[in-house]
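*Asks:* Let me give you the structure first, and then I'll get to my questions.
The values are calculated or read from the model by the stated rules, or taken from the named source; none is laboratory data. Because the structure is a prediction, the values reported are computed rather than measured. Cβ sites come from the backbone with ideal geometry, for glycine too, and all protein chains shown count toward neighbours.
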Amino acid sequence: MLPLRDDNPTTRTPYVTWSIMAACVLVFLFQMGLDAREERHLIIALGAIPAVLLGQETLPADLAMVPAALTPLTAMFLHGGLMHLGGNLMYLWIFGNNVEDAMGAIRFTVFYVVCGVAAALLHALVTPDSVVPMVGASGAISGVLGAYLLLFPWARVFVWFGFVFLFWVPAAVVLGVWFGLQALALLGDPAGLISGVAWGAHLGGFVVGVMLTPMLRRPGVPLLSRRRMVRRVSMIPRAGGFGRARRGPWDRRP
């Protein structure tokens, strides 16, 4: 079930969401300019390695570009390939703008960073002996998904299912299925050795996102609202009849 877009408009331009996406793309372009050895060293140096984060291992001096405590942050902007980057950016593009709108730019920035760092730390706790670098924005974006579920469970999401069917479903269904699949994957592959995916980071980021949303949403933004955002259009009278429609502020309607 692959989400393609939602029908949940925003009241503000999502500058933070766009900036995060742009930063991920620029870093990936930089990665593409490196040879295989240089890129491998970059990922080891800036990726979040559980055993290093927990102090069980240390990196060689020539690879220790930043303190280990900062690698959960730097890892959020590295990706393992084009599909990895594209999938993350698609989810952030669909769901990030509404969460940023509900929190405001500064709170959303704090929220995104905290979810990403928490996801990396939780992955480290699940796989404390792992020396495999974790990279990608998935943990932080999982937090965004958790926030979206809590804020807009009834917003409609257009999904591609089974490579054949296209239809609209409530966000609660899409994100509920997503969470269930992550949980099943974690049970079958807790360390991500088979899939190469940090399932614990996904689930951890999602849960942290749900926990932080009530505290970081803007005043007046409801939780679990049965309403969705729609445009309010006003007609401006002009000589000889009505003029063209003018887009007014966003309104909430059933």
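Every residue, every condition in (1) aliphatic (A, V, I, L, M); (2) at pLDDT below 95; (3) closer than 24 Å to Ala155 by Cβ; (4) touching an Asp or Glu at 6+ places or on another chain (Cβ under 8 Å), yes or no:
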site	(1), (2), (3), (4)
Val99	yes, no, yes, no
Val110	yes, no, yes, no
Val113	yes, no, no, no
His123	no, yes, no, no
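*Asks:* Look through Leu73, Leu34, Leu54 and report the one residue that is surrounded by fewer than 17 Cβ atoms within 10 Å (Cβ to Cβ) and in contact (Cβ under 8 Å) with a residue 60 or more places away in the chain.
*Replies:* The unique qualifying residue is Leu54.
*Asks:* Do we have Val131 as touching a residue at least 12 places away in the same chain (Cβ under 8 Å), out of contact with any strand residue (DSSP E or B) (no Cβ under 8 Å at 6 or more places or on another chain) and surrounded by fewer than 22 Cβ atoms within 10 Å (Cβ to Cβ) here?
*Replies:* It is true that Val131 is touching a residue at least 12 places away in the same chain (Cβ under 8 Å), out of contact with any strand residue (DSSP E or B) (no Cβ under 8 Å at 6 or more places or on another chain) and surrounded by fewer than 22 Cβ atoms within 10 Å (Cβ to Cβ).
*Asks:* Determine which member of the set Ile49, Ile44 is closer than 20 Å to Ser130 by Cβ, surrounded by fewer than 21 Cβ atoms within 10 Å (Cβ to Cβ) and in contact (Cβ under 8 Å) with a residue 12 or more places away in the chain. Give the derivation first.
*Replies:* Values: Ile49 fails: surrounded by fewer than 21 Cβ atoms within 10 Å (Cβ to Cβ).
Exactly one of Ile49, Ile44 is closer than 20 Å to Ser130 by Cβ, surrounded by fewer than 21 Cβ atoms within 10 Å (Cβ to Cβ) and in contact (Cβ under 8 Å) with a residue 12 or more places away in the chain, namely Ile44.
*Asks:* Could you tell me how many of the residues in the range 111-147 are assigned to a loop (DSSP other than H, G, I, E, B), β-branched (Val, Ile, Thr) and within 16 Å of the chain's Cα centre (by Cα)? Can you show your working first?
*Replies:* Of the range 111-147, the ones assigned to a loop (DSSP other than H, G, I, E, B) are 127-133, 135-137.
Next cut, β-branched (Val, Ile, Thr) only: 127, 131-132, 135.
Pick out the ones that are also within 16 Å of the chain's Cα centre (by Cα) and you get 135.
Number of matching residues: 1.
*Asks:* Would you mind finding the one in Leu29, Leu70 that is under 19 Å from Ala120 (Cα atoms) and either part of a helix (DSSP H, G or I) or small (Gly, Ala, Ser) (or both)?
*Replies:* Going through Leu29, Leu70 in turn, just one is under 19 Å from Ala120 (Cα atoms) and either part of a helix (DSSP H, G or I) or small (Gly, Ala, Ser) (or both): Leu70.
*Asks:* Identify, by number, the condition in (1) closer than 26 Å to Ala64 by Cβ; (2) in contact with a Phe, Trp or Tyr (Cβ under 6 Å, 6 or more places away or on another chain) that Val144 doesn't meet.
*Replies:* Status for Val144: all satisfied but (1).
*Asks:* Now a separate question. Condition test on Val99, is it surrounded by fewer than 18 Cβ atoms within 10 Å (Cβ to Cβ) and under 24 Å from Val210 (Cα atoms)?
*Replies:* Here the answer is no, as Val99 does not meet what is asked.
*Asks:* Kindly indicate the residue of the range 167-192 that is without any contact (Cβ under 8 Å) to a residue 12 or more places away in the chain and outside any helix (DSSP H, G or I) and also surrounded by the most Cβ atoms within 10 Å (Cβ to Cβ) among those meeting that condition.
*Replies:* Result: Asp189.
*Asks:* Scan the range 75-84 for residues that are in contact with a Gly (Cβ under 8 Å, 6 or more places away or on another chain) and part of a helix (DSSP H, G or I) and jot them down.
*Replies:* Ala75, Met76, His84
*Asks:* Same structure, new question: Using beta carbons and a limit of 8 Å, which pairs, at least six apart or on different chains, have the first residue in the range 138-166 and at pLDDT 90 or above and the second one buried (at least 24 other Cβ atoms within 10 Å of the Cβ) and in a strand (DSSP E or B)?
*Replies:* Sorted first by the residue in the range 138-166, then by its partner, the list stays empty.
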